[in-house]
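The values are calculated or read from the model by the stated rules, or taken from the named source; none is laboratory data. Just so you know, these numbers come straight off a predicted model, no measurement behind them. All Cβ positions, glycine included, derive from the backbone under ideal geometry; neighbour counts span all protein chains shown. We work out accessible area using only protein heavy atoms, side chains counted, and drop any ligands, DNA or RNA first. Shrake-Rupley method; radii C 1.70, N 1.55, O 1.52, S 1.80 Å.
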Amino acid sequence: MTNEKPSILHSDRGSVFSSFSEELLKEVSKKGTRKVAICGRVDNSGIFDIPKDATLRDIIDFTGGILDKREFKAAHIGMPPYGRLLTQKDLDKVLDFDLFENYIRSIVVLSEEDCIVQYSKYYIDYVYGQLQSGKSLEEYLKVKEPIKKISKILDRISKGKSNMRDIYILRTLVEEIKDLLEQENNIIEDILDNFYGEISEHIEDDKCYTMQCNNLIKLTITPKCIGCGACARVCPVSCISGERKKQHYIDYTRCTHCGRCISACPVDAITAGDNTLKFIRDLSTPNKLVITQMAPAVRVTIGEAFGFGPGENVEKKLAAGLRKLGVDYVFDTTWAADLTIMEEAAELQERLERYFAGDKDVKLPILTSCCPAWVKFIEQNYGDMLDVPSTAKSPMQMFATVAKDIWAKEKGLKRDEVTSVAIMPCVAKKYEASRPEFSRGLNYDVDYVITTRELIKIFQDSGIDLKELEDEEIDQILGEYTGAGIIFGRTGGVIESALRTALENMTGNRLDKIEFESLRGWDGFRSCEVNVGDIKLKIGVTHGLEEAGKMLDKIRSGEEFYHAIEIMACPGGCIGGGGQPKVRRNKDEVIKNRGEGLNDIDRSKEMRVSKENPAVRAIYDNYLDYPLSHKAHELLHTRYFARPKGDFNINKNNEM
């Protein structure tokens, strides 16, 4: 038996169809040989000569076995749109090569880690993409509409917006396809017959046990937990409990998804779900357009996994790596940070001018609104103060809204023809992306979030080393960013950026000193004074939700007054986010170096005030009129909801 490594490999950890080039697969499938391309959840993907008496179990053993020693789930024989599904009952049967008749000779192995709903949707989207690409599937054109309907149903199931009638409809659509194509077997029918329980669990219990369905997941402590208590010690809202040396549990009525528990866990027993496989599959699906945005803080942290120092800006390496994976457009969230500032600064200016004019009804302080963990924190704990936060969406959401509602339209695309992926330093961004107010129907502005750590894993599994890549520019269709946008990634950066624009607008003069040193520092709770001309402001800055609670309590009681405040849930801000590379030693020094890296980028920019950004001005001129206009409110603003926390009601199964 010989093993030839694949020539095209998206990931060693992905159940994808396109691990091998089309030419290689055709060569493998020539008659007279017993070569088979095997990929998916196996230790060694490759092309294998299969003995005549080999069972499916033997074949999997040839590859080194199931990845991470997980249980076998299923094997897809052939390539879409053709193929059969083999399951546990087929493991010890000799593989019948007649199953490959008219099929590409390939096997995709699924393990217990694969969500059958996500795999089904990937299969259907792959087939639909082939039809859209004009592949030689003429006989399938007659079933294009039922295939599209199946995709929409599977999408509903994956997002918890379905009911059991949808399974019945799936069956009728499958029968329609079988009749029109004169099929004896159908992959979706095989899946319904063999995995009915898992599909119904998605529908009736809103549960995906693999945690691959983005809208059905929360932070979960898995059985890998050793009961050390590290997670409970760092949790800022005391939502984790458990006995020493026993599995701990999360109270979801209190959890803010900040991810500090994930960063602290020494055995990686806590997960917020994993979208890496979904990302790899989307990149391998024919005719699927995938765009990414990267948060400011990601570029000064991801390099740590590839030999760069904390704070080194690797945005151009990152752009090259993403294109190597197959991303169609590599964009930058930082551009949208400038757009966020235009709205937040206008809100700040409007409230301050009313306050200084003697308006006693104006609500101060104004609170910056970019951190989803503290948004959930204030909704759960300070429902009476929801008129304090700015209503401006976060940069991630602003970018995604503009990308799908403006950029896509300019490109002649519909919203659902763009897969929008956000690369974020923050676990809570996954929760934010799934909030219903950030969607049109079931089409979310951000389809899903990949954390910095997840992207590192994708690069490493795909054999991509950022250190070895040539620099490439980020796509500029949505514009360059300013220095004000980049410092969003560190504590004090958002309010400093807002003040740069607001104070220039209020005074009518360009600021002589653009850096507000009084707002900078690493203390968790900072009261700062900013004086520009006759304007004297008191600003509050916190990072870490423990300190945020103290500040909000002081404001609520009247003990402290601030004109504006900034709250970030994670230590140091986004540079210390729950999705960032873990820091085992010298954490304070690493965080400071990451923050200084952002400051260095800011200082290197010719434009350092958001209102100077010509691309941002252009979007107002062409689409939104001016900051806080009706159009801007409709597209760029949101609202908050009081979510009173309940009693400490832990879920012993850590279920959603």
**OP:** Kindly check whether there is at least one residue in region 182-200 that is among the acidic types (Asp, Glu) and on the phi > 0 side of the Ramachandran plot.
**Re:** yes
**OP:** Check region 623-640 and report whether any residue there is under 30 Å from Ala230 (Cα atoms), crowded, with 20+ Cβ neighbours inside 10 Å and either in contact (Cβ under 8 Å) with a residue 24 or more places away in the chain or over 22 Å from the mean Cα position of the chain (by Cα) (or both).
**Re:** no
**OP:** Kindly list the number of the only condition in (1) surrounded by fewer than 23 Cβ atoms within 10 Å (Cβ to Cβ); (2) within 27 Å of Lys149 (Cβ to Cβ); (3) at pLDDT 95 or above; (4) out of contact with any strand residue (DSSP E or B) (no Cβ under 6 Å at 6 or more places or on another chain) that fails for Leu91.
**Re:** (2)
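Only one residue in Glu138, Glu204 is open to solvent by 40 Å² or more (accessible area, probe 1.4 Å) and within 27 Å of Phe100 (Cα to Cα), so which one is that?
Testing whether each residue is open to solvent by 40 Å² or more (accessible area, probe 1.4 Å) and within 27 Å of Phe100 (Cα to Cα) leaves just Glu138.
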Subject >> From Gln397, Gln380, Gln293, residue being part of a strand (DSSP E or B) and not aliphatic (A, V, I, L, M) >> reply: Gln293
**OP:** Could you list, in sequence order, all residues of region 572-598 that are open to solvent by 10 Å² or more (accessible area, probe 1.4 Å) and among the aliphatic types (A, V, I, L, M)?
**Re:** Val583, Val590, Ile591
**OP:** Name the residue, out of Asp405, Asp387, that is of a type in the set (Asp, Glu), surrounded by fewer than 17 Cβ atoms within 10 Å (Cβ to Cβ) and more than 18 Å from Glu566 (Cβ to Cβ).
**Re:** Asp405
Original post:
Taking region 67-88, which residues are in a loop (DSSP other than H, G, I, E, B) and open to solvent by 80 Å² or more (accessible area, probe 1.4 Å)?
Top reply: Arg70, Glu71
Original post:
How about region 207-251: which of its residues are outside any loop (DSSP other than H, G, I, E, B), open to solvent by less than 30 Å² (accessible area, probe 1.4 Å) and either β-branched (Val, Ile, Thr) or without any contact (Cβ under 8 Å) to a residue 12 or more places away in the chain (or both)?
Top reply: Thr220, Ile221, Ile240, Ile250
Original post:
Considering only residues of region 107-135 that are farther than 27 Å from Asp179 by Cβ and not hydrophobic (A, V, I, L, M, F, W, C), which is surrounded by the fewest Cβ atoms within 10 Å (Cβ to Cβ)?
Top reply: Glu112
Original post:
How many of the residues in region 57-66 are of a type in the set (Gly, Ala, Ser) and open to solvent by less than 20 Å² (accessible area, probe 1.4 Å)?
Top reply: 1
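Here is a yes/no grid of residues against (1) over 26 Å from the mean Cα position of the chain (by Cα); (2) within 23 Å of Leu624 (Cβ to Cβ); (3) modelled with pLDDT under 95:
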site	(1), (2), (3)
Gly321	no, no, no
Asp361	yes, no, yes
Pro365	yes, no, yes
Cys371	no, no, yes
Trp374	no, no, yes
Gly383	yes, no, yes
Asp387	yes, no, yes
Ala422	no, yes, no
Original post:
If Cys528 satisfies every condition in (1) assigned to a loop (DSSP other than H, G, I, E, B); (2) at pLDDT 90 or above; (3) over 17 Å from Ser390 (Cα atoms) but one, which is the exception?
Top reply: (1)
Original post:
If you take the residues in region 281-298 that are more than 21 Å from Lys316 (Cα to Cα) and under 15 Å from the mean Cα position of the chain (by Cα), which one is surrounded by the fewest Cβ atoms within 10 Å (Cβ to Cβ)?
Top reply: Asp282
**OP:** May I ask you to say which residue of Ile487, Ile458, Ile495 is under 22 Å from the mean Cα position of the chain (by Cα), farther than 19 Å from Gly311 by Cα and either open to solvent by less than 50 Å² (accessible area, probe 1.4 Å) or without any contact (Cβ under 8 Å) to a residue 60 or more places away in the chain (or both)?
**Re:** Ile458
Original post:
Out of region 54-66, which residues are assigned to a loop (DSSP other than H, G, I, E, B) and either small (Gly, Ala, Ser) or out of contact with any strand residue (DSSP E or B) (no Cβ under 6 Å at 6 or more places or on another chain) (or both)?
Top reply: Ala54, Gly64, Gly65
Original post:
Filter region 158-200 for residues that are open to solvent by less than 60 Å² (accessible area, probe 1.4 Å), in a helix (DSSP H, G or I) and without any contact (Cβ under 8 Å) to a residue 12 or more places away in the chain; which is farthest from Arg435 (Cα to Cα)?
Top reply: Lys178
**OP:** Being open to solvent by less than 30 Å² (accessible area, probe 1.4 Å), hydrophobic (A, V, I, L, M, F, W, C) and in a loop (DSSP other than H, G, I, E, B) is the filter here, so list the residues in region 252-280 that pass it.
**Re:** Cys255, Cys258, Cys265, Ala269, Ala272
Subject >> Residues satisfying the stated conditions in region 320-368, i.e. in contact (Cβ under 8 Å) with a residue 40 or more places away in the chain, acidic (Asp, Glu) and surrounded by fewer than 19 Cβ atoms within 10 Å (Cβ to Cβ) >> reply: Glu350, Glu353
**OP:** Read through the list (1) more than 26 Å from Val616 (Cβ to Cβ); (2) assigned to a loop (DSSP other than H, G, I, E, B), then give the number of the only condition that Cys426 fails.
**Re:** (1)
